[in-house]
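To keep things clear, I will list the structure first and then write my remarks on it.
Derivation of every value follows stated rules applied to the coordinates shown; laboratory data play no part. Every value quoted in this text rests on a predicted model; they were computed, and no experiment measured them. Here the Cβ positions follow ideal geometry from the backbone for every residue, glycine too, while neighbour counts run over all protein chains shown.
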């Protein structure tokens, strides 16, 4: 082979070798394993769903470095520094005597790399290298969040019997009397940021989506009567959005920042649906009346229809013509008795759509659109139907201000709500009274008369430190 040919082949060899070199570097473990960078994410993803203060299975909590060294109810040491084989946490996640790892229970085992990281960290002394700036006081039922200012409220939900209102806080859901006259309970979990709330139709359960941004997403399911965490399910590596229930209270759907639509069995936590047809974050979901289909809206400017049993994406309910939707979609709600959908998003215009197409699609059409309502200023973040389906309400944000408007479903605007100042990110329609709750950037819950728009009451749902 001539020298000229060798010179030509040399760059090609480097190009072919580079992916393997990159993969080798990626797989190589650091000489010193970091608790904060290497071990903590593994524990968050695989362990904290069942081992947190609100749900300490086996009497063992894994939400802080110090908790890991405590003993379980069986008097077994979770972590023994320098001795992986004597550390129950490590023994539970590796195969032994031909049997599969016992933990995580009911889920895929840790990868070989993850198990090796855990083993090496323990062998190296199980040290805590958490930066001082990242250390925070423990937050649990015995140490509830302390507020010096009200945080942004992303989610509101009235209980189906109309007795209570659930409000998102920091690390917690606050249950209030529906008329805003008193705090009933604080449901404190692992997630720092909560994005959505949804009571099951039978009123037994409360689904919560959220997570820690850029680290993990979480779906929580709470027993409403007992105020107990029934399930904590870590999913993906960013916060989770738009929880909704099937009409039989058996399944929970939600959207993810990895562009996926998912649903789980509310009894077991098993994922029963995955749809990856969206091109951007999926921000809200709703089931069809009969529960045969799921509807999802996304920052990708589309509303998609998915068959629940097969996870097959059946249709783009909204127009697919470029420019037909000006910006992403943020919120969707379904008529209580019809497969009609109310949506809102970046263009500030609430829109009503039929769910199922009755005419072949043609390029440029928006056939499923039933009507558009008068626009709100800015971007719409929340929409809701009234319990009887005769009215719709939408809330928006524009230049640091907010607005809530209510319309007849047939199209006529009824009122602009009084007393609304800051951006609105969440709405809830009372199931038994003409009252709408709204909240957002200011951290204040507003209760307005749905007939007149007059303010009935507003209140800060979090106890503030004086």
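Over every Cα atom in the stretch 35-128, the radius of gyration and the widest Cα-Cα span, Dmax, amount to 12.1, 34 Å.
Once you order the gyration tensor axes a ≥ b ≥ c over the Cα atoms, which shape class does the stretch 232-294 get: rounded for a/c under 1.5, otherwise prolate or oblate by comparing a/b with b/c? Oblate is the answer for the stretch 232-294, as a/c is 1.5 or above yet b/c matches or exceeds a/b.
The peptide list 422-435, 226-239, put in order of mean Cβ contacts within 10 Å with the highest first, becomes 422-435, 226-239.
Peptides 77-84, 169-176, ordered by how many other C-beta atoms sit within 10 Å of their residues on average, highest first, read 169-176, 77-84. What's the FRET efficiency of residue 141 with residue 307 using the Cβ-Cβ distance as r and R₀ = 41 Å, to the nearest 0.05? E(calc), rounded to 0.05, equals 0.50. Our summary gives the chain a relative contact order of 9 percent, counting only alpha carbon pairs under 8 angstrom and 6 or more residues apart. At an R0 of 22 angstrom, the distance between the Cβ atoms of residue 455 and residue 414 translates into a FRET efficiency of 0.90.
Entry note, the chain: the mean residue ellipticity at 222 nm calculated from DSSP H runs of n ≥ 4, each adding -39500 (n - 2.57), is -3500 deg cm²/dmol after division by the residues and rounding to the nearest 500. Each peptide in 212-220, 93-101 receives the mean, over its residues, of other Cβ atoms within 10 Å, and ordering these scores from highest gives 212-220, 93-101. Quick check: the angle from helix 112-123's long axis to the longest principal axis of the chain, C-alpha only, nearest 10 degrees? The angle comes out at about 60 degrees.
The Cα atoms of the stretch 423-466 define a convex hull whose projected area, averaged across directions, is 3.6 nm². Relative to the longest principal axis of the Cα atoms of the chain, the long axis of helix 3-27 lies at roughly 80 degrees.
When Rg and the Kirkwood Rh are both derived from Cα coordinates, the Rg/Rh ratio for the stretch 323-466 amounts to 1.01. In this label model, residue 75 and residue 31 are separated by 4.3 nm, measuring between points 7 Å along each Cα→Cβ vector.
If you wrap the Cα atoms of the stretch 111-181 in a convex hull and average its projected area over all directions, you get 8.9 nm².
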